[in-house]
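Notes follow the structure.
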Amino acid sequence: MHRVNNNSYDIYYELMKAYRSLPVVPPEEGEELDYVYKGVRMYTICERASLDALPTWEVRPDDVFVMTYPKSGTTWMQHIVLEVMKLTGRVSVNKEVHLSFRFPNLESTWIHHISQAGLVKPGNVVLDEAPSPRLIKTHLPSCMLPEQMLTKAPRIIYVSRNPKDVAVSYYHWHRSAYFLPGYDSWDVFFEEFIRGAVINGCVFDHNLFWWKRRHQANVLFVKYEDMQRDLRSTIARVASFIGESLTEAQVDQVYESSTFSSMKTNPKANLDDSYGNMKAFMRTGKSGGWKSTFTVAQNERFDEICREKLRGTGLTFDFGL
C-alpha cells in the first residue's frame, strides 16, 4: 500500500488559509442562488464551468469517493474514512485542516463569490493538483458524474439514509446556509422535495443509481441507519473496502472519535460556527425526527411515492429506528 510523507498535503492547508483570510460574502438581495443544469437544480457555488468540465475529468484508480444525497451522513463517513487512513499511515493530515478541506467537494467551491475572484479554486481544480490517494466528496446526480468514475473503478462509498429524515434535515440546512435558497415553510419545501425539484434532484433516483451498482467490487453501499445500529462493524467494513486492516484497538479508536457527540464538539469535523454561522449542520444525528415534522397526509403521500419509486428494486429504507 502506498504511504505518504508528512508534507504531502500542504495543498489543503494552503487552501484552508486562503479561505480563512477572506470574509464571508453573503448574497445580495434578489441574487439567484440556484439554476437548472441538465434538468436538475444546482446551487450557484457549483459553477457551470466546473460542471461542464466534469464529464471528462480525470479520475485516478486510487481515488476514494464518499458519495451521498445531501444530509445523508456525508461528514460522518468522511470522518471515518479519514481516521482509518490516518491510523494506517496512508494519508498524513495537518491538524489545523478542517475535514471539509481534506475531503474537497468535487463540484463546488463552498464559498459564495470567492472562486469568481480567483482566490479559492473550484474543487475539481484543487483535486487536479492534489497528490494521491485523493479523498473526494460529492453529491452529484448521475447525469453529472465524471465518465471515468464508471470505467476506472475508484473506491466509491455511497451512504444512503431514509429520505424522510433526509427531507427534514435538508429543510433545516436550507434555512441555515446562506448560499442556499430559502423556503417560506416546511410545507413548501416538502412539495418541492417529493417532486425532485430541490437542489441535487430526486432523492430516489440518486440512491437507486448506486444501489443498482452495489455488487461492483469498487462500490460499497452503506445505510446510515446501519451505521447507527453498529458503528464498529461499519468502521471495519469501510477499512476493509479501502484496503486497510485495523486491529480491534484501532477500530475502537476510530469509533470513539466518530460518535455524534464527539464529532459535534470537534471543530475540525463540525461546520457549525466555522462557515458563516451555519448553525444547523450537525443537528441531532438521530433517525426518526421526521415523525415530529411530517403531517399524517404528508406521510401517506410520501409512502405512496416511495412504493412507486422503489417497486421491484429491492431497496428499502428504515423509517422507524
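Figures for the structure shown
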read-out: Residues of segment 238-258 satisfying the condition of being under 19 Å from the mean Cα position of the chain (by Cα) and either at pLDDT 95 or above or loosely packed, with under 13 Cβ neighbours inside 10 Å (or both); value: Val238, Ala239, Phe241, Ile242
read-out: Residue that is surrounded by the most Cβ atoms within 10 Å (Cβ to Cβ), among those in segment 31-51 that are over 19 Å from the mean Cα position of the chain (by Cα) and assigned to a strand (DSSP E or B); value: Tyr37
read-out: Residue match in segment 95-111 (condition: assigned to a loop (DSSP other than H, G, I, E, B) and among the aromatic types (Phe, Trp, Tyr)); value: yes
read-out: Which numbered condition Ala269 misses (of (1) at pLDDT 95 or above; (2) in contact with a Leu (Cβ under 7 Å, 6 or more places away or on another chain); (3) among the small types (Gly, Ala, Ser)); value: (1)
read-out: Qualifying residue in segment 23-36 (condition: farther than 17 Å from Leu140 by Cβ, in contact with a Pro (Cβ under 6 Å, 6 or more places away or on another chain) and not polar (S, T, N, Q)); value: yes
read-out: Any hit, segment 52-75, residues being in a loop (DSSP other than H, G, I, E, B), under 25 Å from Lys152 (Cα atoms), touching a helix residue (DSSP H, G or I) at 6+ places or on another chain (Cβ under 6 Å) and among the hydroxyl-bearing types (Ser, Thr, Tyr); value: yes
read-out: Residues that are surrounded by 13 or more Cβ atoms within 10 Å (Cβ to Cβ) and more than 23 Å from the chain's Cα centre (by Cα), drawn from segment 304-320; value: Ile305
read-out: Residues satisfying the stated conditions in segment 63-89, i.e. surrounded by fewer than 20 Cβ atoms within 10 Å (Cβ to Cβ) and modelled with pLDDT under 95; value: Lys86, Leu87, Thr88, Gly89
read-out: Answer residue from segment 36-50, given it is modelled with pLDDT under 95 and not basic (Lys, Arg) and is farthest from Tyr255 (Cα to Cα) among those; value: Ala49
read-out: Identity of the residue in segment 24-66, acidic (Asp, Glu) and touching a residue at least 60 places away in the same chain (Cβ under 8 Å), that ends up farthest from Met85 (Cα to Cα); value: Asp34
read-out: Scan of segment 200-221 for residues that are under 19 Å from Asp318 (Cα atoms) and in a loop (DSSP other than H, G, I, E, B), ordered by number; value: Cys202, Lys212, Arg214
read-out: Of the criteria (1) surrounded by fewer than 22 Cβ atoms within 10 Å (Cβ to Cβ); (2) touching a residue at least 24 places away in the same chain (Cβ under 8 Å), which one Glu192 fails; value: (2)
read-out: Residue within segment 167-188 that is in contact (Cβ under 8 Å) with a residue 24 or more places away in the chain, touching a strand residue (DSSP E or B) at 6+ places or on another chain (Cβ under 7 Å) and of a type in the set (Gly, Ala, Ser) present; value: no
read-out: Candidate set: segment 141-199, residues that are part of a helix (DSSP H, G or I) and among the β-branched types (Val, Ile, Thr); chosen: the one farthest from the chain's Cα centre (by Cα); value: Val188
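The values are calculated or read from the model by the stated rules, or taken from the named source; none is laboratory data. Quantities reported herein were computed from a predicted structural model and do not represent experimental measurements. Every residue, glycine as well, gets a Cβ built from its backbone with ideal geometry; the counts of neighbours run over all protein chains shown.
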